[in-house]
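Only one structure is covered here, and it is reproduced in the block below.
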Ligand SMILES: Cc1cc2nc3c(=O)[nH]c(=O)nc-3n(C[C@H](O)[C@H](O)[C@H](O)COP(=O)(O)OP(=O)(O)OC[C@H]3O[C@@H](n4cnc5c(N)ncnc54)[C@H](O)[C@@H]3O)c2cc1C
Ligand code: FES
């Protein structure tokens, strides 16, 4: 039996690179002993439990695309005990990983469709896995136009700058719209909150799915604006972040009504969310 067939056994991985995304967010590139991803085979949108022995563990989205064959990446915001300690780790240090967990973005259903990604702050991380999957040379022909609306409080708070400003704009039929909340010196790009920018851009819902991820207040207004633009609830997809403990549907920590976010989510269509009690 491989280690990943035991659903709660973490396996130690080595950090091979660390990218400072913002003042409180870093991307960790990891490989298992012997190199590569081993048999950790995730799909875009899935998560993993990351741990430090004696400290704790936390659910984190796999931000790398499955098309990145030799490593995994996790983008982690420093918010508390575990994430503070993870931020002190260096290249060569070890971290425990168990998973992959949860469902995934419906990337097969999206084939032949245009895709609108809308994200705020470090919540571009879960969408990035699907973005790089769709924009991969092998898959690009399977999808229509890709538009990415992304915003953060300031230029310093924008994550994945190299992909946003260099790699993704070079891809076929791909438009990137970046905005920051308030004007600042040196920035000649757009200034507006993400939901307002969406309203200004007025992307048509025709033959299109919208995927959104961000702070709750952003999601609330993005969903309202998508509705005004004519997007149907079964064409709007988002991810939920509940507190989690086991990650495998055993502890009941993440349940909303009849659903366990760790099993049935974190990816939900808006029409599914509307049937759940408003606890999230
Ligand atoms: C499906 C899923 C995907 C996630 N993906 C990522 C990711 O890609 N990158 C990332 O940095 N984080 C992600 N998170 C959040 C991450 O799991 C928490 O931030 C983490 O548990 C914090 O651990 P800590 O010990 O550092 O903080 P703690 O000391 O446990 O908490 C610090 C503060 O954050 C709050 N908090 C902790 N967890 C959550 C949560 N899930 N929702 C709301 N508030 C919370 C606490 O109430 C407290 O105020 C994800 C969570 C879920 C459920
Ligand atoms: S985290 Fe335990 S049931 Fe979901």
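The values are calculated or read from the model by the stated rules, or taken from the named source; none is laboratory data. Quantities reported herein were computed from a predicted structural model and do not represent experimental measurements. Backbone-built Cβ (ideal geometry, glycine too); neighbour counts: all protein chains shown.
Tabulated results
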| read-out | value |
| --- | --- |
| Hits in segment 243-279 (condition: crowded, with 17+ Cβ neighbours inside 10 Å, in a loop (DSSP other than H, G, I, E, B) and within 11 Å of ligand 1 (Cβ to nearest atom)) | 244, 247, 254, 265, 266 |
| Residue in segment 46-69 that is crowded, with 17+ Cβ neighbours inside 10 Å, in a loop (DSSP other than H, G, I, E, B), under 15 Å from the mean Cα position of the chain (by Cα) and within 16 Å of ligand 2 (Cβ to nearest atom) present | yes |
| Number of positions in segment 244-280 that are near ligand 2 (Cβ under 8 Å from one of its atoms) and closer than 22 Å to residue 9 by Cα | 15 |
| Residue 165, sole failed condition from (1) within 22 Å of the chain's Cα centre (by Cα); (2) surrounded by 15 or more Cβ atoms within 10 Å (Cβ to Cβ); (3) away from ligand 2 (no atom under 16 Å from the Cβ) | (2) |
| Residue satisfying all of: in segment 217-242; more than 15 Å from residue 196 (Cβ to Cβ) and assigned to a helix (DSSP H, G or I); farthest from ligand 2 (Cβ to nearest atom) among these | 227 |
| Filter pass, residue 79 being within 16 Å of ligand 1 (Cβ to nearest atom), in the same structural domain as residue 11 (by TED's automatic domain parsing) and out of contact with any strand residue (DSSP E or B) (no Cβ under 6 Å at 6 or more places or on another chain) | yes |
| Looking only at segment 82-112, and only at residues there that are in contact with a strand residue (DSSP E or B) (Cβ under 7 Å, 6 or more places away or on another chain) and at positive phi, the one that is farthest from ligand 1 (Cβ to nearest atom) | 92 |
| Top-ranked residue in segment 224-242 [being more than 18 Å from residue 103 (Cβ to Cβ) and in contact with a strand residue (DSSP E or B) (Cβ under 7 Å, 6 or more places away or on another chain); ranked as surrounded by the most Cβ atoms within 10 Å (Cβ to Cβ)] | 226 |
